[in-house]
Amino acid sequence: MQTEAQAEHDRQGTGAGPRRQSRPTAGEKENVVIVGGGAGGAELAAALGRRFGRSTMNVTLIDREANHLWKPRLHEVAAGMLAAGEEATSYLALARANHFRFHIGALTALDPAAKTVSISAVKDAQGGELLGPREFRYDTLVLAFGSQVNDFGVPGVMEHCHMLDSGDQALAFQSRLLEMAVKVSAGALDRLRVGIVGAGATGVELAAELHHAASAMHRFGGLMSSDDLEITVIDMAPRVLPNSDPATSAFAAQALEGMGVKLRLNAGVEQVTAEGFVLKGGELVPCDLKVWASGVIGRPIAAVLSGLQVDRSRRIACDDHLRCEGLADVYGLGDCALVRDPKTQRPLPPTATVAHQQATYLAQLLSAPSRDAHAAFAYHPRGSLVSLGTAPATAEIAVPKHAPITFSGAAPKLLYVSLGLMHQAALTGWGQAMTSAVVDGLRRTTAPPLKLH
């Protein structure tokens, strides 16, 4: 594996030989490097690889993880309702099927003058060095390395809270959840208290999924029931899903309260301790498991990369063609990119929908004969979907110049499931995506609905 990676590295350029400062001339293959394999980066790599990977482009995807897991489903992994292996896709397999190359490693440096990016060494299971630091030359670079949860400088968050930024973090929470459920079932703990800071989509969906998971634990594993689970959602906002239509918020709040979830709204967290969340004013909300899902911020690497302009939230300033301000042939995509709505001048939200539309746009832009003449990126709001476990989902559809259309029930649940299917189809094609969905559905008819180990 190391030999093959090194050979490929040599073919793409490790610093030896002349460096191009513009797009390649006729007959040469363009080196397109995409850093970050999230919802947008992976879709872009697959689209470009399928179209140009065997002809006019060397498409390279770089990510710190070996597998791709769609971030909107991390709350299901955390609750144990989805095994990470069921939804995860190997980047190596994805690269092979879509004619691009994958290299594992974390971005460490950008040299715009030399048009190179550097990535970190990779350790093996024993802690030794599997792959050393590497450098890749690009003609076109796309930065799509995502974001992370914002702790807002609140003391104790990093020490005591779980985050849901990656599959590993979701699995760590799920493992701890199962351990605590065993303690409740054995009588070593009278009940399990879970505190979630953040009443946005992640916090609301996690709370609902945990309630569902507790019922499944009792039904299939003989562990604690939902009566033994106490969930509290905390947020400074006056309502859950504060960025959604009030009708959507009201439906979600009613559904959560029907599950027994406690809502502590208009409440800020001053400190996190081993015992729980200390609210402003001094009240302690006792918690055995603590989750921080309040807001996002760009990754620290964005603030130290040469040539990038970042705002206070460490998002990279991009123009209306998604080009990073002040840099030639470098583009931003997804959560890490600060792109403003031309009508409102407000930053576009860091959502999978935005990343998907930007990936589609960049696939077209990078295919255009003249990129400068290509139309600007235009974001088209589609609305939002929020899953509430086994309860009906809630949805709102954006209507230009009018209030959104809101509705709840089985139809939004079907739409919610279809989003993941559409993403999988963008990566592997509709044939394989539909086959995987059928196989997964059949498996769920014979296996417990949650992970019990």
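Laboratory data are not the source of any read-out in this text; all were calculated from the coordinates shown. Values in this document were obtained by computation on a predicted structure and should not be read as measured data. Here Cβ is always computed from backbone atoms with ideal geometry, including for glycine, and neighbour counts include all displayed protein chains.
Out of VAL117, GLY260, LEU362, whose Cα points farthest toward the positive end of the dipole of the chain (charges: +1 Lys, Arg; -1 Asp, Glu; placed on Cβ)?
Value: LEU362.
Using amide H atoms built in the peptide plane, which far-off residues or other-chain residues are under 5 Å from TYR331 H to H?
Amide H neighbours of TYR331, under 5 Å, 5+ apart: LEU141, VAL142, LEU143, CYS324.
Using a 10 Å cut-off on Cβ atoms, rank the peptides 350-361, 182-193 from the highest mean neighbour count down.
Working: 350-361: 21.7, 182-193: 14.3.
Per-residue mean Cβ counts within 10 Å order the peptides as 350-361, 182-193.
Using only DSSP helix segments of four residues or longer, with each worth -39500 (n - 2.57), what per-residue ellipticity at 222 nm results for the chain after dividing by its residue count and rounding to 500?
Calculated from helices alone, the mean residue ellipticity at 222 nm is -10500 deg cm²/dmol.
Quick one: Kirkwood hydrodynamic radius for segment 151-294, alpha-carbon pairs, angstrom, one decimal?
Taking every pair of different Cα atoms in segment 151-294, averaging 1/r and inverting gives 15.4 Å.
Going by average Cβ density within 10 Å per residue, which order do the peptides 110-120, 374-384 take, highest to lowest?
110-120, 374-384
So for the pair GLN271, SER120, with labels modelled 7 Å out along Cα→Cβ, what separation do we get in nm?
3.1
Find how many whole Å separate the alpha carbon centroid of segment 275-353 from the alpha carbon centroid of segment 91-126.
Centre-to-centre distance over Cα atoms comes out at 23 Å.
Need the C-alpha centroid separation for segment 37-72 versus segment 356-391, integer Å.
15
Among 273-286, 60-73, 304-317, what's the highest-first ranking by average C-beta atoms within 10 angstrom per residue?
Highest mean packing first, the order is 60-73, 304-317, 273-286.
Within the chain, which DSSP H helices have Cα atoms that stretch 24 Å or more along the helix axis and a mean Kyte-Doolittle hydropathy of at least -0.5?
Going by DSSP H runs, the hits are 167-185, 201-221, 410-428, 430-446.
Ratio to report: Rg/Rh of the chain, with Cα atoms as the point set and Rh obtained by the Kirkwood method; give two decimals.
Result: Rg/Rh = 0.97.
Tell me which residues come under 5 Å, amide H to amide H, from ARG314 once H is placed; ignore anything under 5 positions away on its chain.
For ARG314, the qualifying residues are GLY298.
Contour minus end-to-end for THR360 and ARG96, with contour as 0.36 nm per residue of separation and end-to-end as the Cα-Cα distance? Walk me through the numbers on the way to the answer.
Details: separation 264, 0.36 × 264 = 95.04 nm, distance 2.07 nm.
My answer for the length gained is 93.0 nm.
Which value in nm describes the separation of the simple spin-label points at ARG54 and ALA368, placed 7 Å from the Cα toward the beta carbon?
Placing both labels 7 Å along Cα→Cβ, they lie 2.8 nm apart.
Taking the dipole about the Cα centre of the chain, with the C-beta of Lys and Arg at +1 and of Asp and Glu at -1, give me whichever of PHE100, PRO349, LEU241 is farthest to the positive side.
PHE100
Would you pull out the residues with amide H under 5 Å of ALA393's amide H, same chain only if 5 or more places away, H placed 1.01 Å from N?
Correct list: LEU388, GLY409, LYS413.
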